[in-house]
Structures are given as C-alpha cells and as structure tokens.
Amino acid sequence: MWPSAVRMKHAGANEGAPLHARKNLRFACDSVCGHSVGVRTAEVSKVQVGFAACTAPDTARVANTAQVSAVRGRVHGRRFASTQRQRCCVRANARVVMQGKPPSGSPTVEQVGDMIARHVLETYLSGPLDQLQNGADQKCKRVLFGICGVPGAGKSSTCERAFRTLGKLDNGRLRDRVAMLPMDGFHFSRSELDAMEDPTSMHARRGAEFTFNAASFAQKLQEVRDAVGEKTVKAPGFDHALKDPSPDVHVIPPSVQVVLVEGNYLLLDTGLWRSCKVRQMCDEVWFLDVCPVHVALSRVKRRLITEIGLTESEADKRIRDNDSLNAVQILDSRKHADRVVTMADFF
C-alpha cells in the first residue's frame, strides 16, 4: 500500500525533498495516471487526477488528490480497490496537472542540461587546464559521468546541452576537456540480429537491453578510462538513416577529463550488464525523471511515426510490446543512481 502522505519540506527551508520521497511521489503519480508502463495488463476505465493548491500561506504545500475508478489488474505487483485516494505533499509552486496531461512546469532540456553542466564543472573540472598535458599527472583520472532515463526522457538532448554549455565556459577553454559517448552506437546491427536464434523477436524488441552489445560497451568504457592523457579513443555512433551503428563517430582525445556517457541501461544490474560491471565503470550516474512516463513514451511514438515511418497503430503496438516493457526495467534500475533528477529540483 502506498503511504498516505509523502512529506516534502518547503523549498525555502530545505534544498529539496528526500530522494525516497521524490521517488514515491513520481511513482505514485505515474501509476495513478494509468500509464502503460505502470499498469501493464490493467484496464483503467476512468482516471481523474487533480492538483489543488493549499490556500494557507504558511503551509507551503500542494495537495494531490487522485480518484481512480474501475482499476483492475496488478499495478507493479500491488492490488488497488476500485476507488482509492492518495495524498502527496509537494512544493508550493507545483503546477496543475489534469487528466494525465504533461505538467506545464516540466523543466526544459536547457535547464536540466545546464544543471548537469554546473555540477560537472564544480565537481570534476576545477583543476588547472594543463593537468592532463602529455599525461604528466598520473594521479589525474578520467571521469565517466552517466545520464540515464527511460526512452523519450530527453537523455540525448540533455547530454548535448550539457556538453555545449561546458564547451562555452571560460571562453571555450574547457572545450577540449569534455566529450560525449552515447550508448546507441552499441546496438547489435541488423545483420547481427538476423544471425540470432529468433531474429523476428530480436528485431521486434530492438532497443531492449539484450539487443545491445553490453560486453563491447563495457570494453569501450574501460578503454576510455585507461586512455586518459595517452591516446585518442574512437567509439561508434548510431546512424538513424541506415538504422545501424556507424564506426568511429565519437572521438575522445587525450585531453578529455570528463566523458558524458548517455544511455538507457547504465544502471542495469542484471545479466551481462552486471557481469561486465557497466554501472561500476561510471563514476557517477544521474537518472532523469523530469516528466511523466506516458509523456516520454509519447515522444517515442512521435519519433516512430516521423523518423521511422510507422503508422499510428504500428507505433502504438511497438510502444505497448517493446518500449513500455523496456521503461519498466529502466525505472526499476533507478535505485542504483547517484541522483534522481525530478521536477522538484526546479520548481
């Protein structure tokens, strides 16, 4: 059973709410809204969600009242009655959300990217610019900073924004100290999927964790860590026109001190991802939870239609049979993140 209230302190009195409280709030809201990720096989006939601000100025709280009718099935392994109320206290300036629409107060990619850039600058890039020259300082290590989230959460755009922001700082003198390494380049190619035991299923589930070459990805991460100040490392990218990885798209020169690693499964702790120690390769990983899951998946659907050419019904089927299943697994892995970034960090 969900807790009857998740207490979150006023923004003026504390920097933010406890991490577990933020997770519970987001998790509760996602599930109540009847997202395909949270509900799976449940049938939701009517969902009404309303956020109403408290009028007392000294309380600085917003009451979240959710009424759910005719909910059947299992939601994340928990049974719900036909009508159940959940009350969550959030920050005073929370925005109004009605009928599952995306929050008008969701942070922009620029806000999230700049937040990450500030953290990386203050934490990892405060040393002298000649620190890595010719690998003279052997004590200096290369930092791998991970950005993780469900499909459509804005990982790639956020990573690019953080990269560009860092590159502009100090009159561009930090440009050579930061690089990007997306995980997309480590998809198995279509020819590799064709050679597998069940190629039809593998193609249908492309984007799932088992359709990535986890061993190759881990090997590249290790190479990037070890090459600081010594050699240039090249990594593959993903060519959306060819629908396959493309070699040597991303170049990481010896001068780079921080590599922004972006991908869905950086926090996964199962199978090859565990044995290859992908999570341990990253010094720090932030999980992006800045919009409801159904909003993130709606972005994926839009890309499936506009970029891949699927019909709306085909896109809906792919979301239901693939992307939503992947999102469930990715959401579960966020417990391994160093920080979960939520809307509460901005409003």
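Numbers at a glance
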{"quantity": "Identity of the residue in segment 192-228, of a type in the set (D, E, K, R) and without any contact (Cβ under 8 Å) to a residue 60 or more places away in the chain, that ends up farthest from E314 (Cα to Cα)", "calculated": "D226"}
{"quantity": "Qualifying residues in segment 285-327 (those that are surrounded by 14 or more Cβ atoms within 10 Å (Cβ to Cβ) and hydroxyl-bearing (S, T, Y)) - the one farthest from N264 (Cα to Cα)", "calculated": "S298"}
{"quantity": "Hey, V341 out of contact with any strand residue (DSSP E or B) (no Cβ under 9 Å at 6 or more places or on another chain), within 16 Å of G152 (Cα to Cα) and at pLDDT 95 or above or not", "calculated": "no"}
{"quantity": "Flag for L242 being aliphatic (A, V, I, L, M) and modelled with pLDDT of 95 or more", "calculated": "no"}
{"quantity": "Complete set of residues in segment 155-188 that are modelled with pLDDT of 95 or more and not in a helix (DSSP H, G or I)", "calculated": "V178, A179, M180, L181, P182, H187, F188"}
{"quantity": "The one condition in (1) out of contact with any Gly (no Cβ under 9 Å at 6 or more places or on another chain); (2) crowded, with 22+ Cβ neighbours inside 10 Å; (3) not in a loop (DSSP other than H, G, I, E, B) that L268 fails to fulfil", "calculated": "(3)"}
{"quantity": "Of all residues making up segment 245-268, the number that are at pLDDT below 95 and within 23 Å of I330 (Cβ to Cβ)", "calculated": "0"}
{"quantity": "Test: residue in segment 234-254 that is among the basic types (K, R) and in contact with a Leu (Cβ under 9 Å, 6 or more places away or on another chain)", "calculated": "no"}
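The values are calculated or read from the model by the stated rules, or taken from the named source; none is laboratory data. All values derive from a computational prediction rather than experimental measurement. Don't worry about glycine lacking a Cβ; one is built from the backbone with ideal geometry, like all the others, and counts go over all protein chains shown.
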